[in-house]
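The values are calculated or read from the model by the stated rules, or taken from the named source; none is laboratory data. Just so it is clear, the model here is predicted, and its values are computed rather than measured. Here the Cβ positions follow ideal geometry from the backbone for every residue, glycine too, while neighbour counts run over all protein chains shown.
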């Protein structure tokens, strides 16, 4: 969690100024501890937002899905072949300086993202996702 709020002019006498408040500060700390024990840790909205932003930035596959794919959760008519999706993912991951992994590891990663396997007589792939036409590597209608 980045510390983004810094005083313009630090008060070098703050400790001395707060000495008179030490009993109230201690009481506030004890009440906070008791509240934590009864209710658990309630994360401030700023912490929740910063955490979500951090994980979104670290989710390279999520970025690839957003930039290179047409995602339509629940639309079974939308799907693409594993080989084409993995080829696109590999190019994207390598361009970002990341290891794309193997096609074997790609399947479980796609399922964790909510894309079930899709099979036809001619091809295997994933439902609810397809490459955008400008990023296609083959035909998703096999």
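Descriptive notes on the structure:
- All positions within the stretch 64-94 that are out of contact with any helix residue (DSSP H, G or I) (no Cβ under 6 Å at 6 or more places or on another chain), free of Cβ contacts under 8 Å to residues at least 24 places away in the same chain and surrounded by 14 or more Cβ atoms within 10 Å (Cβ to Cβ): 90, 91
- Any hit, the stretch 49-71, residues being under 18 Å from residue 131 (Cα atoms), in contact with a strand residue (DSSP E or B) (Cβ under 6 Å, 6 or more places away or on another chain) and in a loop (DSSP other than H, G, I, E, B): no
- Hits in the stretch 116-135 - residues which are out of contact with any strand residue (DSSP E or B) (no Cβ under 7 Å at 6 or more places or on another chain) and surrounded by 15 or more Cβ atoms within 10 Å (Cβ to Cβ): 135
- Scan of the stretch 95-109 for residues that are within 19 Å of residue 130 (Cβ to Cβ) and without any contact (Cβ under 8 Å) to a residue 40 or more places away in the chain, ordered by number: 100, 103, 106, 107
- The lone criterion from (1) assigned to a helix (DSSP H, G or I); (2) closer than 30 Å to residue 5 by Cα left unmet by residue 42 is number (1).
- Test: residue in the stretch 116-123 that is over 30 Å from residue 3 (Cα atoms), within 22 Å of the chain's Cα centre (by Cα), touching a residue at least 40 places away in the same chain (Cβ under 8 Å) and in a loop (DSSP other than H, G, I, E, B): no
- Some residue of the stretch 3-17 being out of contact with any strand residue (DSSP E or B) (no Cβ under 9 Å at 6 or more places or on another chain), closer than 30 Å to residue 100 by Cα and either outside the structural domain of residue 113 (by TED's automatic domain parsing) or in a loop (DSSP other than H, G, I, E, B) (or both): no
- Restricted to the stretch 95-115, and to residues there that are surrounded by 11 or more Cβ atoms within 10 Å (Cβ to Cβ) and at positive phi, the residue that is nearest to the chain's Cα centre (by Cα) is 114.
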